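Here is the structure we will look at.
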Amino acid sequence: MPGTGWAMSRPAEGRAPAVSLVMPVYNASSTVGESVESVLSQTMGDLELICVDDGSTDGSRAVLEGIAGRDARVRVIAQENAGPSAARNTGLDAARGRIICTIDADDALVPEHCARLVEVFERTGAEVVVFGAVCEPEDAASERIRELLSPRAASYASFAPELLFSAHAQPYAWRAAWTRSLEERELVRFPEGVRLGEDAAFLFTLYPVAHGIELIPDKLYRYRMVGGSLTHALDDPSALARKVAQHLGAFEAIFAEWSRRGLESLCPAQMVTWCLDMTAFDLVRLPAKEGAAAVARLAQTLADVYGEAWAELPRQQAVRRTAQQVADAAAAGTGLTLGKIDIVRFFLATRGLRACVQRVLR
């Protein structure tokens, strides 16, 4: 890729643009106009924006078609409602750019987003570039989220476990861009049917198959902390069982894709720890019936991949203890119960002292 001299102007008729941006849209008429404008006002014009209207009922499609009528770089694809993953996949199928990335219909790009990506891809020859983001409003985001969206500069010639667990390269698929050569070789797609954690499931496949991953600290994306979004709505206690079920669905999607690609042996200790970290604090809050079903599903998922001794895999003693408690609860057909000391030790092992103190002080 270095030395291609990608143009900074608008794409010529019939020529593939430098950058394709895929935007899934569902009932976003109040925000999508500003999101699209953040793309069209990039300092680099050699791009296309593929907007996939996922069965909107609020006039979003009319807004998009109006913009497309004024700017040929915008393409609108309409489909029946099938969820954000299906909408993104439709857009990926249609993308023609030499660099591919996504944007949500309630977020925005900083003006230098595309130009900076082109420069990094051209200079490094990486197949994936990961960047940071700012939260808007900033005080609506926890310090943990702000930290996760602040990667440090790093280069990886091939996959390393820290990309998934400690390098601040996930969650959120919109903070990654990848090349058409990777797209055509690997055909990485979002898991349809998963509506929470689908970003993580996508990245958990993208990173292991990429040849060259570049992390840059630049905050190129504006992540709007919308109170009505799915992620924030599922923080409501009444939706806790649905949240856990969606996380379990994301785990299953990751493992199914890894199995299909022969990646089952990747970082087993870290994967068990991550699955527990994503669910344990919610499992202990579920009512008995829902808790027992969720614990059984989690234990079975991990046993299917790593065998009946999966609970022995985590490296930290506190995490192994929690893993064994999950395994024991599954065997007994009960929900997960953790004492306060066990919760604190698990939190310290998975999140660290600083995060533990922050949680106590909230």
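The values are calculated or read from the model by the stated rules, or taken from the named source; none is laboratory data. Computed from a predicted model, the values in this text were never measured in an experiment. Neighbour counts run over all protein chains shown; Cβ positions are idealised from the backbone, glycine included. Side chains included, ligands, DNA and RNA excluded: accessible areas come from the protein's heavy atoms. Shrake-Rupley method; radii C 1.70, N 1.55, O 1.52, S 1.80 Å.
Brief remarks follow.
- Each part gets one Cα centre, and for segment 65-126 versus segment 241-264 those centres are 26 Å apart.
- Extended-chain gain in nm, criterion 0.36 nm per residue less alpha-carbon gap, R15 and A309: 100.4 nm
- Under the Debye formula (equal points on every Cα, no solvent term), log10 I(q)/I(0) of the chain at q = 0.06, 0.15 Å⁻¹: -0.23, -1.35
- Label-to-label distance for Q316 and A68 is 4.8 nm, based on points extended 7 Å past Cα in the beta-carbon direction.
- Normalised contact order of the chain, rounded percent, pairs of Cα under 8 Å and 6 or more residues apart: 14
- Segment S150-R351, extension gain: residue separation times 0.36 nm, minus the distance between their alpha carbons: 70.7 nm
- For I50, I341, I67, the ranking by accessible surface with the largest value first comes to I341, I67, I50, using a 1.4 Å probe.
- Using a probe of 1.4 Å on the protein chains alone, the accessible area found for M278 is around 60 Å².
- Restriction of the GluC sites (Glu not before Pro) in segment 245-318 to DSSP coil positions whose beta-carbon has at most 15 other beta-carbons within 10 angstrom yields E264, E308.
- The lysines whose alpha-carbon is closer than 21 Å to the alpha-carbon of K289, local same-chain residues fewer than 8 away aside, are K243.
- Label point distance in nm, L40-R195, each placed 7 Å from Cα along Cα→Cβ: 3.1
- Radius 12 Å from Cβ of G132, net charge of other residues (Lys, Arg +1; Asp, Glu -1): +4
- Spin-label model, E184 to E138: label points 7 Å out along the Cα-to-beta-carbon direction sit 4.3 nm apart.
- DSSP-defined beta bridges in the chain - what % are antiparallel, rounded to 5: 30
- Taking 0.36 nm per residue of separation and subtracting the current Cα-Cα distance, fully stretching the chain between S166 and T334 would add 57.3 nm.
- Amide hydrogen neighbours beyond the local backbone of V74, cut-off 5 Å, H modeled: L49
- Calculated FRET efficiency, T57 to Q324, Cβ-Cβ distance, R0 = 51 Å: about 0.60 to the nearest 0.05.
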